[in-house]
Amino acid sequence: MLIVADENIPLLDAFFGDIGEIRRVSGRTMRPEDVRDADVLLVRSVTRVDRTLLEGSRIRFVGTATIGTDHINLSWLKENGIQFSAAPGCNANSVAEYVLAVLSLYAERCALGDWSQLSVGIVGVGNVGKELAEKLTRLGFCTKLCDPPRAEREPESDDDFVDLNEALACDVVSFHTPLTRESEHPTYHMIGEKELAGLTSGQLLINAGRGEVIDGTALQARLNQADAPLVALDVWEQEPQINPELVDKVWLATPHIAGYSLEGKVQGTEIIYQAMSRFMGLPIRKQAGQFLPEPVLSKVSFTSSADEYAAIRIALRACYDPRQDDARLRHAMAAPADERGAAFDQLRRDYPVRRECSSLKVQLKGTSKSLHDSFRAIGFKLKI
């Protein structure tokens with residue numbers, strides 16, 4: 001059996017090496033001739049999987065180690081009897097922790113002693129949005145959830161959904177929608193000139209979902225105007241050929257890595273391994289936890305004199321500080337114009353190991369129950 005896989009999917013040999021021969025190729029430049037003689041195709045979001053790529057091949061199973069499927073022609077796969085699996089929820093916690101790290105930086109910028117004073121509008125309440133909402137609620141934040149498709153499908157839901165305008169009135173607005181163009185509630189350019197005009201310098205806009213949800217041209221124009229909001233972008237239009245002028249204008253710029261924790265990436269591989277094994281009638285013998293190495297930093301300790309928010313900030317940034325990715329992306333954008341796309345992809349391909357909060361044990365000596373609850377809400381392991 002021949003398995004063609006994006007070279008950037010982690011632990012390919014560990015999960016698939018004893019199932020078949022693995023051929024690694026570049027996901028961004030994958031061609032029909034790369035997959036024609038393959039039985040299985042494993043991709044990420046940078047590969048468009050459709051008739052153009054697969055027609056005439058012997059592919060029987062396609063797996064994407066991502067939560068999104070807008071790069072997959074699902075109807076064509078179904079029509080041609082090709083089994084498909086995505087990895088929904090695999091990196092939801094990673095993205096939620098990314099947003100928490102950004103919120104921590106923003107609260108510090110606003111000189112807030114208590115970051116939960118910020119109201120947060122969450123647009124898109126799927127796996128990622130729900131994970132983020134649960135963490136923020138447990139931390140004491142006021143959250144507003146906006147998800148029109150879910151609001152229509154789940155009228156009896158316990159979630160109290162609001163419309164987009166109400167979500168956009170929050171101190172922080174974070175986007176976690178899929179990219180849709182022809183649905184009843186399309187998300188393509190759902191944030192344009194009109195919506196951006198209503199935002200002020202007292203607000204933060206975060207997009208860690210899909211770049212095309214925000215009209216980049218309108219955003220750049222708004223950032224050139226007075227009273228513009230702060231903006232943190234992890235996703236961009238026209239990746240990897242992103243607009244360096246927009247990078248210059250936003251407050252925080254990262255190269256589509258919000259979901260790039262080691263745990264998130266490995267779970268994505270595990271999910272498609274399990275789906276492929278079930279499809280082929282093979283036993284499922286491997287789990288992601290088998291392959292996670294010991295973290296570089298395994299424990300931090302706080303005493304009874306610790307300030308609650310300062311302790312949270314220190315622990316969060318011990319796991320992840322977005323400013324490092326911001327610096328790397330800005331440096332990459334200084335490359336000649338014809339090299340920037342490759343530089344963007346290289347940042348993702350060579351991304352350093354980032355561990356989730358669950359990898360860090362927090363020792364608390366004589367600290368308050370409130371601090372214990374906050375650390376648990378984020379996902380740290382506690383030693384009291």
At least 20 Å along the helix axis (C-alpha) and Kyte average at least -0.5, DSSP helices within the chain:
92-109, 262-280
Counting all Cα-Cα pairs in the stretch 156-291, those more than 20 Å apart amount in percent to 56
Contact order normalised by length for the chain, with contacts defined as Cα pairs under 8 Å and 6 or more residues apart; what percent is it?
14
About the Cα centre, and with charges only on the beta carbon of Lys, Arg (+1) and Asp, Glu (-1), how big is the dipole of the chain? Nearest 20 debye, please.
1320
Loop only per DSSP, at most 15 neighbouring Cβ atoms within 10 Å: give me the trypsin sites (Lys or Arg not before Pro) in the stretch 43-101, ordered by residue number.
48, 58
Based on the mean of other Cβ atoms within 10 Å per residue, sort peptides 117-129, 220-232, 244-256 so the most packed one is first.
117-129, 244-256, 220-232
State the Cα centre-to-centre distance between the stretch 1-28 and the stretch 50-121 in whole Å.
20
In straight Cα distance, which lysines are under 24 Å from residue 249, not counting same-chain residues fewer than 8 positions off?
194
Would you please name the trypsin sites (Lys or Arg not before Pro) within the stretch 252-320 that are DSSP coil residues with at most 14 other C-beta atoms within 10 Å of their C-beta?
285
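For the stretch 92-253, what relative contact order do you get, as a whole percent, if you take Cα pairs closer than 8 Å and at least 6 residues apart?
18
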In the structure shown, do any of 265/286; 135/369; 299/381; 144/361 have a Cα-Cα gap over 20 Å, and if so which?
144/361
Scoring the stretch 299-383 by relative contact order with C-alpha pairs under 8 Å, at least six apart, yields a percentage of 43
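Suppose every K and R has +1 on its Cβ and every D and E has -1 on its Cβ; what is the size of the dipole of the stretch 92-253 about the Cα centre, in Debye to the nearest 20?
Once rounded to the nearest 20, the dipole reads 340 debye.
We did not get these values from a lab; they are worked out from the coordinates using the rules stated. Quantities reported herein were computed from a predicted structural model and do not represent experimental measurements. All Cβ positions, even for glycine, are placed from backbone atoms using ideal geometry, and neighbour counts span all protein chains on display.
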